[in-house]
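Comments concern the structure below.
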Amino acid sequence: MSALETPVIIGRSSSHFTRIARLFAAELRVHHSFQVVRDLLSTNPVDYGGNPALRIPVLKTPQGAWFGALNVSRELWRRSSPRPRVVWPEDLDVPLLANMQELTLQAMATEVTLVMEKMAGAGDDTRHARKLRESLLNMMAWLEEHANAALAALPPERALSYLEVTLFCLVTHLEFRDVLPTKPYAALNEFCQQFSKRPSASETSFRFDT
Ligand SMILES: N[C@@H](CCC(=O)N[C@@H](CS)C(=O)NCC(=O)O)C(=O)O
């Protein structure tokens, strides 16, 4: 594959949505390069691989750019060979699993807002920030309560699921960014400990790009 054909993940090593994409690339052994977005407060779409939402991750391919972690992960899967069995969000057809996925992604999005507000100087003690924190705590309590049952209900013959990857990125990021203490969440910690044994997890550890 020439340098021009090599897909490029655009993101940051400290971003949990980017880590989803990087984890899929590592699991699926898809050769790629990584381009760091230096300033997450930039308002120029060019800095985000053309994403008008001004968000990461983006995957740049000769066919075009793919916006968002789910699109990127699916495209990486399509590029993988052999294609392992991945459980995608639309496969989660019972409330327990579908809600687990919804709340995992919503908790990630809520965390983004909290971190970005703080970064932009709004502080973390506005009424909205307090509401977001309350919502995040509620979601984390729900995820903790249902984690064991949900993980046990995933199809056993899977190689990977979007739910597990996102849950791992959420919980480890809360710890990394010091948004919430994660010690109280025993089931989620146990899951993360197991998941972190995968080489893809250690290859994509969070760190601040310099
Ligand atoms: N729906 C997007 C959300 C991506 C997202 O929120 N990424 C964060 C970084 S973890 C971001 O770009 N934040 C910039 C901002 O909020 O302005 C996805 O699933 O990838």
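The values are calculated or read from the model by the stated rules, or taken from the named source; none is laboratory data. Keep in mind that this is a model prediction, so the values were computed, not measured. Neighbour counts are summed over all protein chains in view; Cβ atoms, including those assigned to glycine, are modelled from backbone coordinates with ideal geometry. These accessible areas exclude ligands, DNA and RNA; they are computed on the full protein's heavy atoms, side chains included. Shrake-Rupley method; radii C 1.70, N 1.55, O 1.52, S 1.80 Å.
Observations on the model:
- Listed residues LEU167, PHE206, ALA150: farthest to the positive end of the dipole of the stretch 144-210 (Cβ charges): PHE206
- Estimated FRET transfer efficiency (SER202, PHE34; beta-carbon r; R0 25 Å; 0.05): 0.95
- MRE, 222 nm, helices only [DSSP H, n ≥ 4, -39500 (n - 2.57), over the chain, to nearest 500]: -16500 deg cm²/dmol
- Heavy-atom accessible surface of ASP178, to the nearest 10 Å², is about 130 Å², with a 1.4 Å probe and all protein chains retained.
- Nearby lysines by direct alpha-carbon distance to LYS118 (threshold 28 angstrom, same-chain neighbours under 8 apart not counted): LYS131, LYS183
- Chymotrypsin sites (Phe, Trp or Tyr not before Pro) lying in DSSP loop within the stretch 138-210, provided at most 10 other Cβ fall within 10 Å: PHE208
- Share of carbon and sulfur in the accessible heavy-atom surface of the chain [1.4 Å probe, %]: 53 percent
- Cα centre as origin, Lys/Arg/Asp/Glu Cβ charges: the stretch 86-200 dipole, Debye: 340 debye
- Counting only heavy atoms of the protein chains and using a 1.4 Å probe, GLU157 has close to 120 Å² of accessible surface.
- Dipole magnitude for the chain: computed about the Cα centre from +1 point charges on Lys and Arg Cβ and -1 point charges on Asp and Glu Cβ, it is near 480 debye.
- ³J(HN,Hα) computed for each position of the stretch 34-40 - Karplus, 6.51 cos²θ - 1.76 cosθ + 1.60, integer Hz, glycine/proline x: 10, 10, 7, 7, 6, 10, 6
- Shape class of the chain from the alpha-carbon gyration tensor: oblate, with a/c at 1.5 or above and b/c at least as large as a/b.
- Net length gained if the chain between LYS131 and GLU102 were fully extended (0.36 nm per residue, minus Cα distance): 8.6 nm
- When both the stretch 20-49 and the stretch 144-165 are represented by their alpha-carbon centers, they are found 26 Å apart.
- Against the criterion of solvent-accessible heavy-atom surface with a 1.4 angstrom probe, GLU111, GLU175 sort, most first, into GLU175, GLU111.
- The residue among GLY123, PRO184, LEU40 whose Cα reaches farthest toward the positive pole of the charge dipole of the chain, with charges on the beta-carbon of Lys, Arg, Asp and Glu, is LEU40.
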